[in-house]
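**Student:** My structure is below; once you've seen it, I'll send some questions.
The values are calculated or read from the model by the stated rules, or taken from the named source; none is laboratory data. Since we're looking at a predicted model, the values are computed, not measured. Using ideal geometry, Cβ is built from the backbone for each residue, glycine included, and neighbour counts are taken over all protein chains shown. Just so you know, the surface numbers come from the protein's heavy atoms only, side chains and all, with ligands and any DNA or RNA stripped out. Shrake-Rupley method; radii C 1.70, N 1.55, O 1.52, S 1.80 Å.
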Amino acid sequence: MTASVTTGAARSAGAGLEVVRMLAGFVWVAGAMVVAVAVLGAVPGWITGDRGVVREASSIQDAERRLAARVVVPGYFPERLVWPPRAIHIAGGRRGSVRLDLAARSGPDLHILESTREGEPIAPELLGSRTVLRTSRATVGKLPATLSDVLVDGELHRELTWELGGWAIMLRSSGDVDELFRMARTTHRQGGR
């Protein structure tokens with residue numbers, strides 16, 4: 001009788017060890033799958049070199065070529081702003097985001113930021129170090145918008161944000177709010193790729 005009890009205990013211990021081995025194998029395979037999916041998801045950004053990187057474009061046409069999308073600009077520009085933009089920054093690779101930095105002859109500069117992929121926000125790398133102080137609802141034509149007071153690198157700005165055909169658009173300046181609204185109302189998304 002002792003032999004059968006010892007054999008049963010040995011079988012029970014062997015079965016428990018087998019369950020532990022199976023669970024360890026499952027955890028290892030699941031972990032390997034998570035790592036593989038993360039690596040495969042990062043490959044496109046590694047190939048294009050654009051993930052999380054802000055690059056400068058030499059012109060609007062260069063930015064459109066790199067983004068594979070049109071860059072939307074307002075039809076109305078106050079005479080105080082200088083065209084072409086002082087700097088054009090892009091982030092996010094194809095169908096990413098763009099920021100146009102417009103210098104002013106007088107008064108504050110103006111920045112136009114936009115995402116070129118429907119439903120995507122503007123790339124955070126282009127927004128800079130900003131703190132939102134206050135937001136309020138607004139409209140651009142018939143489109144819902146948000147007007148915000150923000151600190152960008154310690155300087156107070158107003159941001160007017162809305163969506164145009166699914167693209168997030170933002171105008172940022174420390175100047176006249178009416179000017180932002182006039183520019184926003186003349187912004188149209190035509191063409192596109």
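**Student:** Principal axis extents for segment 68-117, Cα atoms only, whole Å, descending order, please.
**Tutor:** 34, 18, 13
**Student:** Amide H of Ala57 versus every other amide H placed in the peptide plane: which residues, excluding those fewer than 5 positions away on the same chain, fall under 5 Å?
**Tutor:** Close amide H contacts, sequence-distant or interchain: Ile88, His89, Ile90.
**Student:** At 0.36 nm per residue, and after removing the present C-alpha to C-alpha distance, how many nm does the segment from Arg130 to Arg80 gain when stretched out fully?
**Tutor:** Values: separation 50, 0.36 × 50 = 18.00 nm, distance 2.53 nm.
The span from Arg130 to Arg80 would gain 15.5 nm if fully extended.
**Student:** Using 0.36 nm per residue of separation minus the Cα-Cα distance, give me the extension gain between Thr146 and Ala15 in nm, one decimal. Write out the running numbers ahead of the final one.
**Tutor:** Details: separation 131, 0.36 × 131 = 47.16 nm, distance 6.31 nm.
Contour length minus the Cα-Cα distance gives 40.9 nm.
**Student:** Now for a separate question. Any chance you could look up the accessible area of Ser148 with a 1.4 Å probe, heavy atoms only, rounded to 10 Å²?
**Tutor:** 10 Å²
**Student:** If you don't mind, there's one more thing I want to ask. Between segment 53-92 and segment 118-193, what is the C-alpha centre distance in whole Å?
**Tutor:** 15 Å
**Student:** Can you sort Asp101, Asp178 by solvent-accessible area, 1.4 Å probe, largest first?
**Tutor:** Listed by decreasing accessible area, they come as Asp178, Asp101.
**Student:** How charged is the neighbourhood of Val150? Take every other residue with its Cβ under 14 Å from the Cβ of Val150, and add Lys/Arg as +1 and Asp/Glu as -1.
**Tutor:** Details: positive: Arg130, Arg134, Arg158, Arg172; negative: Asp149, Asp153, Glu155, Glu159.
Spelling it out: positives minus negatives among the neighbours equals 0.
**Student:** Please give the length that would be gained between Arg94 and Gln61 if that part of the chain were fully extended, namely 0.36 nm times their separation in residues minus their C-alpha to C-alpha distance (nm, one decimal).
**Tutor:** Values: separation 33, 0.36 × 33 = 11.88 nm, distance 1.40 nm.
Full extension from Arg94 to Gln61 adds 10.5 nm.
**Student:** Ignoring ligands, DNA and RNA, please state the percent of accessible area on segment 116-193 from carbon and sulfur, probe 1.4 Å.
**Tutor:** 48 percent
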